[in-house]
1. When you go through Lys82, Lys103 one by one, which is the residue that is closer than 26 Å to Ser177 by Cα, surrounded by fewer than 17 Cβ atoms within 10 Å (Cβ to Cβ), modelled with pLDDT of 95 or more and within 32 Å of the chain's Cα centre (by Cα)?
2. Condition check: closer than 27 Å to Glu254 by Cα, aromatic (Phe, Trp, Tyr) and touching a residue at least 40 places away in the same chain (Cβ under 8 Å). Does Tyr592 satisfy that?
3. Quick one: count up the residues across the range 504-522 that are loosely packed, with under 10 Cβ neighbours inside 10 Å and within 23 Å of Thr494 (Cβ to Cβ).
4. Please find, within the range 564-578, the residue that is surrounded by the fewest Cβ atoms within 10 Å (Cβ to Cβ) out of those that are under 12 Å from the mean Cα position of the chain (by Cα) and among the hydrophobic types (A, V, I, L, M, F, W, C).
5. Please work out which one of (1) crowded, with 18+ Cβ neighbours inside 10 Å; (2) in contact with a Pro (Cβ under 9 Å, 6 or more places away or on another chain) is the condition Val118 fails and give its number.
6. Quick check on Thr330: is it modelled with pLDDT of 70 or more and of a type outside the set (Asp, Glu)?
7. Only one of these is free of Cβ contacts under 8 Å to residues at least 60 places away in the same chain and open to solvent by 20 Å² or more (accessible area, probe 1.4 Å): Lys192, Lys183. Name it.
8. Only one of (1) among the acidic types (Asp, Glu); (2) buried (at least 18 other Cβ atoms within 10 Å of the Cβ); (3) farther than 30 Å from Leu290 by Cα fails for Asp127. Which number is that?
Amino acid sequence: MDVLKAVQTYITKMITEVPGMKVLLLDAHTTPVVSMVTTQSELLAHEVYLTDRIDNINREPLNHLSCIAFLSPSETSIEAVKNELIKPRYGGYWLYFSNTLTKTQIEGMASVDEFEVVKEVQEYFADFLAQYPSHFSLTPAALADGGDGPSNPPIFLPPPQHLPPPTLNTHLNTILSVLLSLKKKPIIRYEKMSLAGKKLAMEVQSAMTNAPYKDLFDFRGTNGPAPLLLILDRRNDPVTPLLSQWTYQAMVHELLGINNGRVRIDGEEKIELRDLVLSTSSDPFYSQNLFANFGDLGASISSYVTEYQQRNSSINPSSSSSNSANRIETVADMKRFIEEYPEFKKLSGNVTKHVTLVGELSKIVERDGLLEISEVEQSLSSVESHASDLRSVQTLISSPKTRPANKLRLAILYALRYQKLIGNQIPQVIDNLISNGVSADKARLVYVMLNFAGADIRQDDLFMNENFFSRGKSALKGLKGVENVYTRHEPHLTQTLDLLLKNRLREGSYPFVGGDDAMRTQRPQDIIIFMIGGTTYEEGRAVALLNQRLASDAAGGPGGTRILLGGSMVHNSTSFLEMVESCAIHYPDSIYAPPTGQQSSTLLSNSNTPIPSSTPVPTTTTNGPSINLRAGGYELSVGGVAGSGLYRTNQDAGANAQFELPKNFDAVTNVAGGIRDGAGRLWGNVRQRVEERVSRGNTPQGR
């Protein structure tokens with residue numbers, strides 16, 4: 001189960017099956033998909049001399065080139081293809097789409113291909129970002145714009161909406177694409193606390209058993225247990241994304257940010273080193289060290305530099321004039337130099353890149369005092385010691401050296417750990433935040449996090465401190481000791497996987513969707529984890545290391561048990577807090593207040609900062625949609641927190657209706673307006689489709 005190899009195989013098939021010189025056209029969805037798994041040099045080796053975006057209208061006609069278009073099957077991209085075929089710029093077109101096409105879309109493209117330049121149309125299921133062989137996520141474009149509809153609302157919304165239609169569809173398409181690329185038809189489980197997870201699990205099950213995906217999932221039967229898709233919820237572990245990281249990949253993402261495999265260092269003096277590429281497939285040093293801790297990384301960098309110096313002295317005569325054996329004096333010497341020089345230049349660039357990165361990380365660690373901060377974070381996440389933790393947190397929050405973002409993380413971790421402790425000092429910690437430079441609207445996130453992912457929301461005992469037995473386990477774990485005080489924390493995902501591998505994951509907490517009794521009782525050999533709300537590189541590392549250990553496990557069947565991790569995105573602490581903050585805007589104002597049983601912060605209560613609000617959300621007394629209709633591949637939501645709108649949904653998911661009547665006249669007025677607007681959009685869509693069919697009947701078919 002290697003998602004990186006799956007996407008690379010698709011790309012290789014595209015560029016090798018088309019003969020001659022080629023141009024590669026991409027869109028906003030597929031550009032990062034390709035850039036994560038291949039390089040410009042590899043494309044050039046297969047005669048791909050130009051890569052461009054299909055929405056670039058200023059492209060020059062090049063009739064002597066063949067065109068490979070790898071696009072998402074969104075209406076925007078389909079329209080771009082139609083415009084391209086009406087006035088072709090290239091000699092022939094091979095069209096590849098990252099997910100399923102509808103019959104209407106195929107007919108629409110065929111109707112405008114009057115010059116018969118389309119040679120092939122294929123569906124290649126690569127509708128996801130391959131972060132690592134065992135780690136994937138949604139594309140940023142899918143997460144942001146929801147395909148053809150309006151901009152996506154946040155992933156998490158209040159009940160009963162939870163996962164709104166456009167967000168649900170993008171997650172569904174990504175999961176189905178991964179399953180089809182790996183040829184897996186799994187049984188499905190989900191976290192019981194997550195209504196969003198339940199909704200997604202049921203949609204995946206429905207899609208696999210209904211058109212247009214039903215025939216695609218008709219794989220040949222294989223011996224052994226059925227694969228398992230386990231859908232988890234980020235809210236069940238809000239701690240992991242908030243911690244400082246000390247392994248190479250996770251550390252770079254936390255302190256600098258990794259965006260589609262690229263890292264930006266704005267303060268770097270040399271322009272060529274401000275934008276760096278990190279790729280496991282083309283960078284051997286990064287591939288070998290992305291899971292290394294910061295201490296071991298320093299030793300690896302030192303060895304890497306030494307290797308470069310030795311190669312430099314052997315290939316560069318001027319660097320070792322005393323060694324006559326390295327001088328270029330014969331034709332054989334010239335040939336050796338020419339053969340070794342490209343590899344030497346690549347090594348030189350890699351050494352410079354990683355030395356720059358590690359230097360930047362070291363500077364940030366020293367500047368922000370992250371060693372002291374991380375030690376307290378690890379204590380909060382792993383050990384029960386209230387008096388000591390409170391003293392350390394308050395000291396660091398009061399320190400002028402601690403940045404406001406780090407102060408907020410410490411306060412939230414303290415609140416999450418000691419939320420249920422009688423006599424906790426959460427209000428005092430928030431007051432200290434505001435007194436030491438953290439704005440009131442940011443300080444409110446402490447209460448937001450408790451209401452969003454606190455003890456009353458989570459289904460598992462995250463800190464092992466909610467009863468006598470779990471406290472005993474936590475104490476025993478603390479007595480064992482750890483190798484590194486900065487890496488004591490283990491993601492909650494590792495505990496879940498441990499129970500799953502031991503066949504001890506309770507069905508009451510992780511219900512099944514589909515599958516017979518025999519399939520449910522077998523230990524799965526292939527496990528696909530999908531986390532709504534995003535994963536972290538720390539969790540990706542845990543899964544990768546577990547895969548290495550399980551590869552030699554005889555009990556896991558031939559080849560061992562294999563685990564694949566995916567999620568909405570890959571978080572660092574900044575992106576996680578931004579996600580929570582954007583979700584909170586769509587909740588009732590009570591999400592900014594202390595949870596039941598908690599006291600309020602004095603300074604926060606006296607603050608004049610208004611509670612954030614979101615303009616698109618109707619101000620009704622009900623949290624959910626007043627009317628929710630689904631039929632014929634569309635869902636009409638009226639008056640809900642995601643706004644009134646008409647969205648695409650699974651065409652064969654059946655028809656249903658949900659009504660929730662508001663309690664006051666103003667709300668009724670809002671709902672009536674929503675019904676009018678939604679019905680108008682529905683009628684406009686129907687009318688547009690009728691007009692398309694009428695016009696298509698008079699349009700000559702290109703093929």
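1. Details: Lys103 fails: modelled with pLDDT of 95 or more.
Exactly one residue qualifies, and that residue is Lys82.
2. Working: closer than 27 Å to Glu254 by Cα: yes; aromatic (Phe, Trp, Tyr): yes; touching a residue at least 40 places away in the same chain (Cβ under 8 Å): yes.
Spelling it out, Tyr592 is indeed closer than 27 Å to Glu254 by Cα, aromatic (Phe, Trp, Tyr) and touching a residue at least 40 places away in the same chain (Cβ under 8 Å).
3. Number of matching residues: 3.
4. Quick first cut of the range 564-578, residues under 12 Å from the mean Cα position of the chain (by Cα) only: 565-572, 575-576.
With among the hydrophobic types (A, V, I, L, M, F, W, C) added as a condition, the list becomes 565, 569-570, 576.
Values: Leu565: 29, Met569: 20, Val570: 26, Phe576: 22.
Top of the filtered list is Met569.
5. Every listed condition holds for Val118 apart from (2).
6. Details: modelled with pLDDT of 70 or more: no; of a type outside the set (Asp, Glu): yes.
For Thr330, the condition - modelled with pLDDT of 70 or more and of a type outside the set (Asp, Glu) - is not met.
7. Details: Lys192 fails: free of Cβ contacts under 8 Å to residues at least 60 places away in the same chain.
Of the residues listed, the single one that is free of Cβ contacts under 8 Å to residues at least 60 places away in the same chain and open to solvent by 20 Å² or more (accessible area, probe 1.4 Å) is Lys183.
8. (3)
The values are calculated or read from the model by the stated rules, or taken from the named source; none is laboratory data. All figures in this text were calculated on a predicted structure; none of them were measured in a lab. Here the Cβ is made from the backbone with ideal geometry for all residues, glycine too, and neighbour counts use every protein chain on show. To get the accessible areas, we keep the full protein, side chains included, count just its heavy atoms, and leave off ligands, DNA and RNA. Shrake-Rupley method; radii C 1.70, N 1.55, O 1.52, S 1.80 Å.
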